[in-house]
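Asks: Questions regarding the structure given below will be posed in turn.
FYI, it's all coordinate maths here, none of it is from the lab. This one's a predicted model, so the numbers in the text were calculated from it and none came from an experiment. Please note: Cβ atoms are built from the backbone with ideal geometry, for glycine as well, and neighbour counts cover all protein chains shown.
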Amino acid sequence: MGFVCIQIKKSFCYSDVMAEITEVFVDKKYRRRINASSMIAFAESYCKQHYVIHKFELLTGKENFEAQALYQTQGYKKEGEVLMVKRF
């Protein structure tokens with residue numbers, strides 16, 4: 001039906017723990033019945049209760065306007081990042 005995945009990241013270069021939303025998915029036939037905003041809010045709340053987190057991050061496709069609109073309603077803002085990938 002639907003799920004949200006969060007990855008908790010800790011680096012020995014930084015003292016802060018970082019949280020990244022890696023997946024938000026609601027099956028098409030449930031999109032009017034399951035509220036993705038509520039799922040995101042629950043995941044954020046859970047992480048803030050269990051970790052000292054100052055920000056959440058996420059990556060989404062530059063053409064995925066529906067997802068971008070959802071994230072913006074949740075307070076996420078675009079920042080000037082460049083994704084670089086090396087494939088083997």
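Asks: Would you mind checking the stretch 28-72 for residues with the amide N under 18 Å from a putative spin-label position 7 Å along Cα→C-beta of Met1?
Replies: 28-43
Asks: Then there's this: What distance in nm lies between label points placed 7 Å from Cα along the C-beta direction at Tyr14 and Glu66?
Replies: 3.1 nm
Asks: Return, for the Cα atoms of the chain, the radius of gyration and Dmax in Å, separated by a comma.
Replies: My reading of the Cα-based Rg and Dmax gives 14.2, 43 Å.
Asks: Straight-line reach only, C-alpha to C-alpha below 16 angstrom: list the aspartates and glutamates that Lys62 could link to, leaving out same-chain residues fewer than 8 apart.
Replies: Glu23, Glu79, Glu81
Asks: So what are the ³J(HN,Hα) numbers for the stretch 35-51, from phi and the Karplus equation (6.51, -1.76, 1.60; θ = phi - 60°), rounded to whole Hz, Gly and Pro as x?
Replies: Taking θ as phi minus 60°, the curve returns 9, 4, 4, 5, 5, 5, 4, 4, 4, 5, 4, 4, 5, 5, 6, 9, 9 Hz for the stretch 35-51.
Asks: For the chain, set up a Gaussian network in which alpha carbons nearer than 10 Å are linked by springs, and say which option among Ser11, Ser45, Ser37 fluctuates the most.
Replies: Ser11
Asks: Helix-derived [θ] at 222 nm for the chain: sum -39500 (n - 2.57) over DSSP H runs of at least 4, divide by residue count, nearest 500?
Replies: Roughly -8500 deg cm²/dmol at 222 nm, from the helical runs in the chain.
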